[in-house]
Amino acid sequence: MAILEIYTFPDQILRKKAETVTVFDQELERTVQSMLETMYVSSGIGLAAIQAGILKQIIVIDLKSGEEDKSLREPHVFINPKIVTQSGTTVSEEGCLSVIDFRGEIQRAEKITVEYQDVTGEIQKMEAEEMMSICLQHEIDHLNGVLFIDHLPLLKQKMVKKRLKKLAKVEA
Ligand code: NI
């Protein structure tokens, strides 16, 4: 297991498309474990492999990531996830480990059904709503090179991106 480096906006790696996972082996399991560990130390509730520079369709989510008691954790792993149905709309505040110093209100589908593979390659299905639905949509976006700030109204989006680019330069 290793703690992975997380790439942040405006790094161009975050704009790449992740590839389908076809081999379900020990290396995949190690990658998943490292992603979970990285998510926990970063206090995030979700992480897509692409955020760590791994161009594979792998997502980890744990809505209980913030629990002090580790036995309460609920890690979920989604390989090659696809949204197969969606309904309704909901607006909530989002943040991202790859977007430092900004949170914003984003509109998403309210309920979704996701088909994915587990770490053994077995096909699974999940009906998600509320936080799980929002988090899944956010992470699946990452696999397609999309960030949550891309969903902001255009004017606000321009402003936010300009400010974040400036901030990144100062930190570099
Ligand atoms: Ni994110």
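The values are calculated or read from the model by the stated rules, or taken from the named source; none is laboratory data. Owing to the predicted nature of the structure, the values given are computational and were not obtained by experimental measurement. Methodologically, a virtual Cβ is constructed for each residue, glycine included, from the backbone with ideal geometry; neighbour enumeration extends over all protein chains shown. Remember, those area values only see protein heavy atoms, side chains included, never the ligands or the DNA or RNA. Shrake-Rupley method; radii C 1.70, N 1.55, O 1.52, S 1.80 Å.
Of note:
- Met131, sole failed condition from (1) away from the ligand (no atom under 13 Å from the Cβ); (2) open to solvent by less than 80 Å² (accessible area, probe 1.4 Å): (2)
- Scanning the stretch 118-144 for residues that are outside any helix (DSSP H, G or I) and either β-branched (Val, Ile, Thr) or under 8 Å from the mean Cα position of the chain (by Cα) (or both) returns Val119, Thr120, Ile123.
Matching residues to (1) in contact (Cβ under 8 Å) with a residue 40 or more places away in the chain; (2) in contact with a Cys (Cβ under 7 Å, 6 or more places away or on another chain); (3) not β-branched (Val, Ile, Thr):
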{"position": "Glu37", "(1), (2), (3)": "no, no, yes"}
{"position": "Ser43", "(1), (2), (3)": "no, no, yes"}
{"position": "Leu47", "(1), (2), (3)": "yes, no, yes"}
{"position": "Ile50", "(1), (2), (3)": "yes, no, no"}
{"position": "Ile59", "(1), (2), (3)": "yes, no, no"}
{"position": "Asp62", "(1), (2), (3)": "no, no, yes"}
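- The one condition from (1) under 20 Å from the mean Cα position of the chain (by Cα); (2) surrounded by fewer than 18 Cβ atoms within 10 Å (Cβ to Cβ); (3) part of a helix (DSSP H, G or I) that Leu167 does not meet is (1).
- Strands (runs of 3 or more DSSP E) contained in the stretch 1-107 and holding at least 1 residues away from the ligand (no atom under 16 Å from the Cβ) and either acidic (Asp, Glu) or surrounded by 15 or more Cβ atoms within 10 Å (Cβ to Cβ) (or both): 76-96
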